[in-house]
1. Among ALA57, VAL18, TRP28, which residue has its Cα positioned farthest towards the positive end of the charge dipole of the chain, with +1 placed on the Cβ of Lys and Arg, -1 on the Cβ of Asp and Glu, and the dipole taken about the Cα centre?
2. For n ≥ 4 DSSP H runs only, could you compute -39500 (n - 2.57) per run for the chain, divide by its residues and tell me the 222 nm figure to the nearest 500?
3. Once the dipole of the chain is set up with Lys and Arg at +1 and Asp and Glu at -1 on Cβ about the Cα centre, which of GLN102, VAL117, SER152 lies farthest towards its positive end?
4. In square nanometres, what is one fourth of the surface area of the convex hull spanned by the alpha carbons of the chain?
5. For the chain, what is the relative contact order in percent, using Cα pairs closer than 8 Å and at least 6 residues apart in sequence?
6. Go through the range 109-114 residue by residue and turn each phi into a ³J(HN,Hα) via Karplus (6.51, -1.76, 1.60, θ = phi - 60°); whole Hz please, and just put x for glycine and proline.
7. Dipole of the range 22-141, Cα-centred, from +1 at each Lys and Arg C-beta and -1 at each Asp and Glu C-beta, to the nearest 20 debye?
Amino acid sequence: AGLRKVVLGRPQLLGLSVEDNVAPKLDWLQTRFDLDDVQLRKMVLTLPSLFNYSVEANLEPKLHWLQTRLDLDGEQLRKVAGCVSVLSTSIDILESKLEWLQTRLDLDDAGLRKVVVAFPPLLGLSVENNMEPKLCFFEEELGLSPSEVRASIV
């Protein structure tokens, strides 16, 4: 049922070469994330867009950058990378969001890692249209200090 939904939702997947794209990408994902077959199936059903990305030009460099930038272990990386908005966003944009979060919330590297691992979809939110207005609301309308906002998030 899950695969049927993926194919119906992304019929272009039927045009991919099994030998040149699908099988190597599945092998790479399983190895890179140390997934068993059930976990791999869940990842593919959750993120069918993975087949649209090049391992060499997109996925591996982004995962390496995320792991290094946030000092993530394998399990944390799998959790963060399991968010479609993370894998579909450029490194430059991810970096700008991480820098903004770190500065705006006055987080050290460990605090930033904790926030991102706890809620990876945060990296898919707009700073200007979502995160900044919400933080301002918490501070202005609810009377929370920046340190109280940070403490509630971290």
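Values quoted throughout were computed directly from the atomic coordinates according to the rules given, and no laboratory measurement underlies them. Note that the coordinates shown come from a computational prediction; the quantities given were computed from them, not determined experimentally. With ideal geometry, Cβ positions are generated from the backbone for all residues, glycine too; neighbour counts draw on all protein chains shown.
1. About the Cα centre, the residue reaching furthest to the positive side is VAL18.
2. Working: 10 runs with 92 residues, N = 154.
That calculation yields -17000 deg cm²/dmol at 222 nm.
3. Of the candidates, VAL117 comes out farthest on the positive side.
4. Projected over every direction and averaged, the Cα hull of the chain covers 10.3 nm².
5. 17 percent.
6. Along the range 109-114, the couplings run 4, 5, x, 5, 4, 4 Hz.
7. 480
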